[in-house]
Each structure stands twice: as structure tokens, then as C-alpha cells.
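Q: Before I ask anything, here is the structure I am working with.
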Amino acid sequence: MKVLWILLIPALLAGCASGRGGDDYERAETRKVYEVKMGTIESLRQVRLEGTDSGVGTVAGGAVGGIAGSTVGGGRGSMVGAVLGAVVGGLAGAAGEEAATRKPGVEIVVRIDFGRTIAIVQEDKGENFKVGERVRILESSGQARVTR
């Protein structure tokens with residue numbers, strides 16, 4: 001039963017991760033001043049946003065791998081198996097966490113009304129933006145988002 005919980009931890013944390021779409025705000029982003037720019041979408045491109053690397057997958061994978069490896073052989077063989085299992089499990093756990101938390105994104109190229117062209121990448125939350133659509137760009141502290 002413990003092993004099952006260890007394996008589920010990365011999936012549970014992935015479900016708690018905040019989004020990066022146009023409608024998602026972190027608590028720290030409240031009560032900030034945003035500069036609003038209007039523009040027209042010139043192009044859209046689907047991208048992949050890399051997953052998280054919080055260390056949870058590494059720790060969980062290392063624990064599971066160490067436990068599994070320790071069942072191999074006896075005496076020194078058991079210790080060697082535990083160490084190798086922990087290393088391999090940690091690597092597999094880190095890769096699993098990153099893959100489980102990967103998200104689809106969209107690169108949005110917008111021609112701002114005063115002539116400048118910018119590109120913003122954000123999580124694809126199903127906004128279904130269209131080329132030629134008028135949008136707002138909200139920008140603050142070097143971060144920007146595209147909204148309707």
C-alpha cells in the first residue's frame with residue numbers, strides 16, 4: 001500500500017499545479033498594475049510546455065527503486081541492489097514526473113496596434129484563439145498574457 005501512495009504522489013501534485021493560461025493568475029499576481037495593449041493575432045502555433053522538476057518524482061522513484069532493489073540477492077547483493085535500484089528509480093521517477101506534468105501550450109504572435117509585433121507563449125486552456133482576432137495583452141513585470 002505504501003508503494004502505491006509513493007507512486008501516486010507525482011500525479012497528485014501535478015493536479016495541484018497552477019495553470020499558465022490567459023485566465024490563470026497566481027495569488028502574488030493580484031493587486032498589480034497591468035499595462036493593457038490591444039492587437040490582432042497574426043499567427044498561432046501549438047507548443048509543449050515542459051513538466052515540473054520538483055524532486056518529488058526523484059524521491060518517490062528512488063524510494064521505490066531502493067526497496068525493489070533490496071529484494072535482489074542477499075547480504076552485499078541486497079545492498080548493491082538497493083543502491084542501484086534507488087539510482088535507477090530516481091532517474092525514472094524524475095522522468096515520470098516531468099512527463100506527467102507536461103502541458104500543451106500555444107505561441108501567439110500579435111501585432112500591437114502601434115505597430116510592434118510580439119510573441120507570447122502560454123498554456124493552451126482551450127481559448128481557441130483565431131488568426132485575425134482582436135485580443136488584449138496584459139503585461140506586468142516582464143510577464144504577459146493574451147486574453148479576449
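FYI, it's all coordinate maths here, none of it is from the lab. This is a predicted model, so every value here is computed, not measured. Glycine also receives a Cβ, built like all others from the backbone with ideal geometry; neighbour counts cover every protein chain displayed.
Q: Pull out a ≥ b ≥ c, the square roots of the eigenvalues of the alpha-carbon gyration tensor of segment 42-148, then state rounded if a/c is under 1.5, prolate if not and a/b is larger than b/c, and oblate in the remaining case.
A: prolate
Q: Right, another one. Which order do the peptides 33-39, 141-147, 83-89 come out in when sorted by mean C-beta neighbours inside 10 angstrom, highest first?
A: So the order, starting with the most tightly packed, is 83-89, 141-147, 33-39.
Q: Taking 0.36 nm per residue of sequence separation and subtracting the Cα-Cα distance, how much length would be gained by fully extending the chain between R76 and R116, in nm to one decimal?
A: 7.8 nm
Q: Pulled fully out, how much extra length does the chain show between D53 and V36, if you take 0.36 nm times their separation in residues and subtract their Cα-Cα distance?
A: 2.9 nm
Q: Would you give the gap between the C-alpha center of segment 84-141 and the C-alpha center of segment 34-80, rounded to a whole Å?
A: Cα centroid of segment 84-141 versus Cα centroid of segment 34-80: 17 Å apart.
Q: Now for a separate question. Using +1 at the C-beta of Lys and Arg and -1 at the C-beta of Asp and Glu, which of F129, G105, Q143 has the Cα lying farthest in the positive direction of the dipole of segment 105-148?
A: F129
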